[in-house]
1. Name every residue in segment 7-23 that is closer than 12 Å to Leu66 by Cβ and assigned to a helix (DSSP H, G or I), in order of residue number.
2. Considering Ala33, Ala43, which residue is out of contact with any Ser or Thr (no Cβ under 6 Å at 6 or more places or on another chain), farther than 19 Å from Arg8 by Cβ and of a type in the set (A, V, I, L, M, F, W, C)?
3. Scan segment 52-70 residue by residue and report those that are buried (at least 16 other Cβ atoms within 10 Å of the Cβ) and more than 9 Å from the chain's Cα centre (by Cα).
4. Somewhere in segment 24-41, is a residue assigned to a helix (DSSP H, G or I), in contact with a Lys or Arg (Cβ under 7 Å, 6 or more places away or on another chain) and either surrounded by 15 or more Cβ atoms within 10 Å (Cβ to Cβ) or free of Cβ contacts under 8 Å to residues at least 24 places away in the same chain (or both)?
Amino acid sequence: MFTNATIRNAVDYYLQSHDIDDFKYDGLTGFDAFNLFMVYNEAWELEFVCSYLDIINGINTPWPKLPALV
């Protein structure tokens, strides 16, 4: 799949323009909830990283929506 560095870079890039402080998942809030959501939702993580790679390569691609923020 992707390296941990690519996933971390995607998360860092996403957090530059998205506030996840209020995101809730499995009893957690904020970054911890976001991180756990990614661990348990591999399909979403794949879409997330692919969106990141598109964006940094100049392809206008939307980020996938987080379930609580849809």
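Values quoted throughout were computed directly from the atomic coordinates according to the rules given, and no laboratory measurement underlies them. Small disclaimer: the values here were computed from a predicted structure and weren't measured. Cβ: placed from backbone, ideal geometry, glycine included. Neighbour counts: every protein chain shown.
1. Tyr14
2. The match here is Ala43.
3. Scanning segment 52-70 gives a single hit, Ile55.
4. yes
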